[in-house]
Amino acid sequence: MSHLKSDSPPAVDLIVVLYGSLRHVEGLAEGIEAQTYPQEKVRLFFVDNGPDDGALDALATRFAAWPGGLRLLPLRDNPGFAAGNNRAIVAGESRFLLLLNPDTRMAPDCLERLVARGEAEPHS
């Protein structure tokens, strides 16, 4: 059952800042792949603040053919969590964005419900 108001759902930028996050890649990827929100409307941003543990490469491989697009930002200089998110935010262009920690476990309807709420309360 769709919680969205329109037939053409808005785009979403999903941003994850990585820092030694290889152990979380599988759970994160499974949650993203399981979303009921249309994949072609979700652009993925993975920001790597280092150290190079293979997390960015693993996600790049797993989501290479992601319908909504994939943007990798290998900063590796660890400018911090907020700065890593900000670099992805300014690179994005979607109306909605979701910032996730790499150890986040998403319910399958997470994006659908968040966007529906955002559309229902556009001025909050």
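Of note:
- Per residue accessible area of the stretch 28-106, 1.4 Å probe, in Å²: 50
- Each other residue within a Cβ distance under 13 Å of Gly68 adds +1 if Lys or Arg and -1 if Asp or Glu, for a net charge of -1.
- Ellipticity at 222 nm from helices only: DSSP H runs of n ≥ 4 in the chain, each -39500 (n - 2.57), divided by the residue count, give -9000 deg cm²/dmol.
- Ranked by how many other beta carbons lie within 10 Å on average, peptides 28-39, 9-20, 79-90, 45-56 from highest: 9-20, 45-56, 28-39, 79-90
- Potential extension, Gln39-Val90 segment - 0.36 nm per residue separation minus Cα distance: 16.2 nm
- Projected label distance in nm at Asn101 and Arg76, using a 7 Å step from Cα toward the beta-carbon: 2.7
- Ligands, DNA and RNA left out, the 1.4 Å accessible surface of the chain is 51% carbon and sulfur atoms.
The values are calculated or read from the model by the stated rules, or taken from the named source; none is laboratory data. Quick caveat, the model's predicted, so the values are computed rather than measured. A quick note on method: Cβ atoms are made from the backbone with ideal geometry, for glycine too, and the neighbour counts reach across all protein chains shown. Calculation scope for accessible area: heavy atoms of the full protein, side chains included, ligands and nucleic acids excluded. Shrake-Rupley method; radii C 1.70, N 1.55, O 1.52, S 1.80 Å.
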